[in-house]
Amino acid sequence: MRTLILAGMILFSTLGFSAASESKASLAHESEAGVILASGNSETQTYSVKQVTSYDWSENSTKLTGSYLLGKTSGTETAKKWDLGLRYERAFSSHLSAFSSYQVDSLPFAGTQLRHTVDLGAKYSLLKSQEHELGSELGYRLTKESFTTDNGLTPNGYLTSHMSRFYIEWNAKWSEAVSSKLWSEYLQSYTNTRDYRFNLEPSLSVLLNKVFSIKLAYLVNFRNVPAVAGKKTIDTLYTTSLVAKF
């Protein structure tokens with residue numbers, strides 16, 4: 001799967017560079033990498049990578065995202081997750097746009113073997129200045145999910161869910177070197193009214209030079225009805241990573 005994610009990123013980047021040279025459109029990359037190694041009394045290794053490639057032309061934009069995290073303790077996997085997604089957005093004005101996206105991801109330690117997600121919705125810019133940006137999204141989500149164990153809910157191997165989605169994001173630039181980002185997302189299932197989910201991530205970035213920066217982020221995922229019985233409703237992930245933008 002790591003090979004598939006990397007191959008997708010490389011292919012998209014190559015196509016993007018070619019198109020940008022012909023149409024003089026805007027192409028941007030953002031890569032993150034984090035490594036934690038411990039030896040001696042505790043043998044642990046944690047690796048995380050994340051890539052965002054965006055391509056803008058006229059009123060249109062596309063974004064390819066991918067991430068991978070693997071954690072091992074004494075040679076045994078203790079954490080693993082990956083995702084790969086593509087999003088298209090069309091702007092109608094400086095404040096309003098529509099979007100559609102598709103993502104495939106896996107969180108085996110939370111009970112999700114494989115999940116396909118399709119989003120449709122609208123994005124509205126509430127505030128945009130040099131120091132602050134505030135925007136929101138409202139839309140519909142369709143998920144098709146398989147689980148690590150049989151929970152009796154997937155007679156065809158997958159559980160299909162229809163959801164409403166609300167998302168809000170705030171970006172702040174505190175100085176030339178320091179910026180922050182806070183986003184939150186709420187999902188409510190129509191298929192099972194007890195199944196509602198909330199995701200939140202605050203992050204802080206410190207610029208080292210024109211390309212590299214250090215990023216601290218704390219991700220919280222809440223799922224009221226866990227994917228598999230016996231799993232916890234809350235997962236958190238704290239990361240420190242080196243970010244390259246070009």
Report task. Using a 1.4 angstrom probe on heavy atoms only, work out the carbon and sulfur share of the accessible area of the chain in %. Result -> 60
Query - Relative contact order (percent, whole number), segment 176-246, Cα cutoff 8 Å, 6+ residue spacing - result: 27
Report summary line: Listed residues GLY34, GLY111, GLY75; largest mean-square fluctuation, Gaussian network over the chain with Cα springs below 10 Å, found at GLY75
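Assign unit charges at the C-beta atoms only (+1 for Lys and Arg, -1 for Asp and Glu), then state the dipole size of the chain relative to its Cα centre in Debye, rounded to the nearest 20. Walk me through the numbers before you get to the answer.
Numbers: 25 positive and 22 negative charges, 39 e Å.
Roughly 180 debye, rounded to the nearest 20.
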Report summary line: Rounded to the nearest 500, the 222 nm mean residue ellipticity computed for the chain from DSSP H runs (n ≥ 4, each -39500 (n - 2.57)) alone is -3000 deg cm²/dmol
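Top to bottom by accessible area (1.4 Å), largest first, where do LYS128, LYS181 land? Before the final figure, lay out the partial values.
Numbers: LYS128 150, LYS181 75 Å².
Largest to smallest exposure gives the sequence LYS128, LYS181.
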Report task. Report the net charge of residues surrounding THR148, where surrounding means a beta-carbon distance below 15 angstrom and charges are Lys +1, Arg +1, Asp -1, Glu -1. Result -> +1
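Show me 116-127, 168-179 ranked by packing, highest mean number of other Cβ atoms within 10 Å first.
Values: 116-127: 15.2, 168-179: 13.8.
Per-residue Cβ counts within 10 Å, averaged per peptide and sorted highest first, yield 116-127, 168-179.
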Report summary line: Expressed per residue, the solvent accessible area of segment 24-145 in Å² (1.4 Å probe) is about 54
Query raised in the report: Going from the alpha-carbon gyration tensor of segment 74-186, what semi-axes, largest first and in whole Å, does one get by taking the root of 5 times each eigenvalue?
Result: 33, 21, 10
Query - Flagged links, alpha-carbon separation over 25 Å, of LYS63/LYS232; LYS72/LYS210; LYS72/LYS232; LYS72/LYS144; LYS144/LYS232; LYS181/LYS231 - result: LYS63/LYS232; LYS72/LYS210; LYS72/LYS144; LYS181/LYS231
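What is the local net charge at GLN130, summed over the other residues whose Cβ is closer than 12 Å to its Cβ (Lys, Arg +1; Asp, Glu -1)?
Values: positive: LYS128, LYS173; negative: GLU131, GLU133, GLU176.
For residues surrounding GLN130, the net value is -1.
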Query - Inter-site label distance for HIS162 and VAL206 at 7 Å from Cα along Cβ, in nm - result: 4.9
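Using a cut-off of 10 Å between beta-carbons, work out the net charge of the residues near ASP83 (Lys and Arg +1, Asp and Glu -1, ASP83 not included). Show your work: numbers first, answer last.
On the way: positive: LYS50, LYS81, ARG115; negative: ASP105.
It works out to a net charge of +2.
The values are calculated or read from the model by the stated rules, or taken from the named source; none is laboratory data. Because the structure is predicted, anything quoted here is derived from the model rather than measured. With ideal geometry, Cβ positions are generated from the backbone for all residues, glycine too; neighbour counts draw on all protein chains shown. Protein only, heavy atoms only, side chains kept; ligands, DNA and RNA dropped before computing areas. Shrake-Rupley method; radii C 1.70, N 1.55, O 1.52, S 1.80 Å.
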